[in-house]
Amino acid sequence: MTALLARVLLEAPPMVIASNSVTVTRELAHFPSHAIVCQAGEVLPASTTALRMSLIAYVGPAVSMAVSHDGHVIARGHHGAGWVSGSLTLQLHPEITRAMSVNICLTRDPVAIPLGLFGNSSTRRLAARVNSRPLPGRMRVEYLKRGHHSWLSLARYVARRMGLGHFPSGGWIVIPLTAIMAADLGLGLWLLRREAQ
Amino acid sequence: MTATVRHLLRSVPRAGWMCALIAILNALCWSIITPPFQVPDEPDHFAYVAHLVVTHRLPSSSAAEYPLEEARTLTALQQGNLSLLPPTGTISSLAQQRKLEQDLLPVARQSASIGDAAGVATSQPPLYYLIEAIPYALGSGAPLLTRLTLMRLVSALFAGLTAMFALLFVREVLPDTRAAWAPSGLCVAFAPLLGFMSGAVNPDSLLFAVSAALFWSLGRAFRLGLTPRRSAVIGALVATGLLTKLNFVGLVPGALIGLVVLTVSASRSSRSIAYRALAVGAGIALCPVVLLGVSHLTTGRSLFDASSSEVSTVARHGSLIPAINSTWQLFLPRLPGMKPYDPGTFTTREIWFDGFIGQYGWVETAFAGWVYDVALAPAVIVLMACGAALFKLRAVVWARAAELSVYASMAIGTAAVIGSAAYFHPEAGSFTQARYLLPLLAMFATVIGLAIAGVGRRWGAVLGATLVLAVMADDIFSQLLVISRYYG
């Protein structure tokens, strides 16, 4: 467990390098089974390794993605079924090495699980399309790349942020929190050992 | 009476108190980690308490309109964005914090503007909210976030009761497997979903505690026999549960069947005492229903308006068979010939198992898929060991079949309540969240206990320790997941 914890803390989380600046305000449509949803005009920065799409499902179906440039597929992504989230992150294979304008197309498993496409209103020309039919707007897309900072190196920032929007406020809250967690685990292990004896 | 309570408290083993303390500390950690109002329906439950304290009346509208102070806090905390868009974190700058504090100050001074609404909480009975009114009132001069913290602390105490009663239930049903008691209690105390829900303002926290206590009281009566006093405890717990949350209704038929089975058993030695016990228990249990009837009569409402509206809802859907079919598929794999209700979803795994392992926030914060795959391994081992124990103890199982069927009927009742709500009221939102099964935590603890009993004395200690460590790991990584989601 300690080794796993160390590994997680030393891992660098992916970071958002840019987005298409669409603010999510509404559901654009349901993502029908057997449909292809495409959104053109996405300018991916260099070293993009994943895309985070504003898809919402309670228990999401498998979703596949094709990223194309000049009519050629340059990267693909896939996420299996069973995800829960207000967005879906799809890893790109291979990663995007140089900045370029691309067209993103999504397909989903043909099962009856509801899946919502979320985003904001836009002109018909810029709108995302379902089977070439324009939607009322565009989806939000965030472009992610590999992070350089481990969770451990971000600890101070995270601690400071944990102290905001709470009572009691202040980054110091992390110290008693860690102490309580440690005491709790210690008590559990002690009880386990005592009862085993 | 005091002597009885003192005797009961003394009869709780030290492991029970320790599990209670551990569960409270765990829920306390969760209450610090989880941002305000990022637990399902917490804004609505908070609004209920605010309404109760300010107006001394129950809310009557289920509109999602919050008191002015709460509405401003939710806006300042970007609650809507946070709950809908996982990539959005909590407020991140001192400037935002100062603005939040400034936004709250004027409202604290002016007379609070309270509507008549508490969202989805409006239909819930008042007991939990009456208890939470105490910390709310104690912090009435303080900003809203202070009151929320105090209220979350009270909820955390219920996590302790849940873990303690789960351990005590295991002790009653597996009295000869002492090695199983503490690991079972610890698995409940460290269960991350229990900590998450009990670290928030939500009547589920009290519901879990009352449900675990009800299982314990039934288990005790089955082991020691029914007396009027034990029956009164069962009845009081049923009444408390009915006053806590509507979902508790699922446990009631099973509990009443339990009382009848216990009465039949007790009548073999003394018929009069057995029937007196039944009358006492059932009488106390049904008090809330009588109170509700009296309240409806005095306010001029139809005596059966709630139940008649449910009956008309069911009638609109025609046959009950599709509802049973849908409920079955909500929990178990579809059988051949059944109409598919959730095609493409293995609900047993993706809703209930994955949800229990870890889905947080507004059920949008989850681990990567492989974590749930890994968690399947210990779950399968536990189920196999549990099956082995039941086979090994088949003579005992047969002798205690009536008792086991009571617990089974309580589980079926809970599933039926969730399934029927999901089928008949799909518009009311999602009833398919793993937390709705936590009233059965005492049974979860028993499954752990049986698994430990099933592998024998030598391997039992190893399995117990492994399972507790696994649940601890789930808890730690769940807390880290939530921290990374909101503050990373």
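Just so it is clear, none of the values below were taken in a lab; they were calculated from the coordinates. All of these numbers come straight from a predicted model, not from anything done at the bench. A quick note on method: Cβ atoms are made from the backbone with ideal geometry, for glycine too, and the neighbour counts reach across all protein chains shown.
When Cβ neighbours within 10 Å are restricted to other protein chains, what is their mean count per residue of peptide A:86-93?
Values: counts 13, 6, 1, 3, 0, 0, 0, 0.
Mean inter-chain Cβ contacts per residue within 10 Å come to 3.
Among B:159-172, A:22-35, A:76-89, what's the highest-first ranking by average C-beta atoms within 10 angstrom per residue? Write down the numbers at each step before the final one.
Details: B:159-172: 29.2, A:22-35: 15.9, A:76-89: 19.6.
So the order, starting with the most tightly packed, is B:159-172, A:76-89, A:22-35.
Express the C-alpha Rg of region B:203-300 as a ratio against the empirical globular expectation 2.2 N^0.38 Å, rounded to two decimals.
On the way: Rg = 13.9 Å, N = 98, 2.2 N^0.38 = 12.6 Å.
Here the Cα radius of gyration is 1.11 times the empirical estimate.
Shielding by partners for B:363-371, please: the mean number of other protein chain Cβ atoms within 10 Å of each residue's Cβ. Intermediate values should be presented prior to the final figure.
Numbers: counts 5, 8, 3, 4, 0, 2, 5, 1, 0.
Neighbouring Cβ atoms belonging to other protein chains average 3 per residue here.
Hey, what's the Cα Rg ratio for the protein assembly as shown versus the globular rule of thumb, 2.2 N^0.38 Å? Let's see the in-between values first.
Values: Rg = 26.2 Å, N = 685, 2.2 N^0.38 = 26.3 Å.
This ratio for the protein assembly as shown stands at 1.00.
Give me the one-decimal nm value for the distance between modelled label points at A:LEU152 and A:SER21, 7 Å along each residue's Cα-to-Cβ direction.
4.0
Can you give the extra length, in nm with one decimal, that the chain gains between B:THR75 and B:SER484 once fully stretched, where that is 0.36 nm per residue apart less the Cα-Cα distance?
Values: separation 409, 0.36 × 409 = 147.24 nm, distance 2.21 nm.
Gain on extension, B:THR75 to B:SER484, equals 145.0 nm.
Could you give me D for region A:14-145, from Stokes-Einstein at 25 °C and 0.890 mPa s, where the hydrodynamic radius is the Kirkwood radius over C-alpha pairs? Units µm² s⁻¹, please.
Numbers: Rh = 14.5 Å.
Once the numbers are plugged in, D ends up at 169 µm²/s.
Just round it to a whole percent: the fraction of Cα-Cα distances in region A:155-196 exceeding 17 Å.
Working: 387 of 861 pairs.
Above the 17 Å cut-off, region A:155-196 has 45 percent of its Cα pairs.
Just in region B:5-95: which trypsin sites (Lys or Arg not before Pro) are loop by DSSP and have at most 14 other Cβ atoms within 10 Å?
On the way: sites: B:ARG6, B:ARG10, B:ARG14, B:ARG57, B:ARG72; in loops: B:ARG57.
Qualifying residues, ordered by number: B:ARG57.
Percent of Cα-Cα pairs more than 29 Å apart in chain B, please. Mind dumping the intermediate values first?
Numbers: 61730 of 118828 pairs.
Across chain B, Cα pairs with separations above 29 Å total 52 percent.
With labels modelled as points extended 7 Å from the Cα through the Cβ direction, what inter-label distance (nm, one decimal) is found for B:GLN102 paired with B:HIS7?
Spacing of the two 7 Å Cα→Cβ label points: 6.4 nm.
Where Rh is the Kirkwood radius over the Cα pairs of region B:215-269, the temperature 4 °C and the viscosity 1.567 mPa s, what D in µm²/s does Stokes-Einstein return?
Result for D is 114 µm²/s.
For A:165-178, what's the mean count of beta carbons from other chains sitting within 10 Å of each residue's beta carbon?
Mean number of neighbouring Cβ atoms from other chains: 5.
So what is the relative contact order of chain B, in percent, for Cα pairs below 8 Å that sit 6 or more residues apart? Can you show the working numbers first?
Numbers: 756 pairs, mean separation 103.4, N = 488.
It rounds to 21 percent for chain B.
Net charge near B:GLY89: determine it from the other residues with C-beta under 11 Å of the C-beta of B:GLY89, scoring Lys and Arg +1 and Asp and Glu -1. Before the final figure, lay out the partial values.
Numbers: positive: A:ARG161, B:ARG485; negative: none.
So the surrounding residues net to +2.
Roughly how many debye, to the nearest 20, is the charge dipole of the protein assembly as shown about its Cα centre, given +1 on each Lys and Arg Cβ, -1 on each Asp and Glu Cβ, and no other charges? If you can, show how the numbers build up before the last one.
Details: 51 positive and 33 negative charges, 231 e Å.
The calculation lands at about 1100 debye.
So what is the relative contact order of region A:14-145, in percent, for Cα pairs below 8 Å that sit 6 or more residues apart? Show your work: numbers first, answer last.
Details: 381 pairs, mean separation 56.6, N = 132.
In percent, rounded to a whole number, it is 43.
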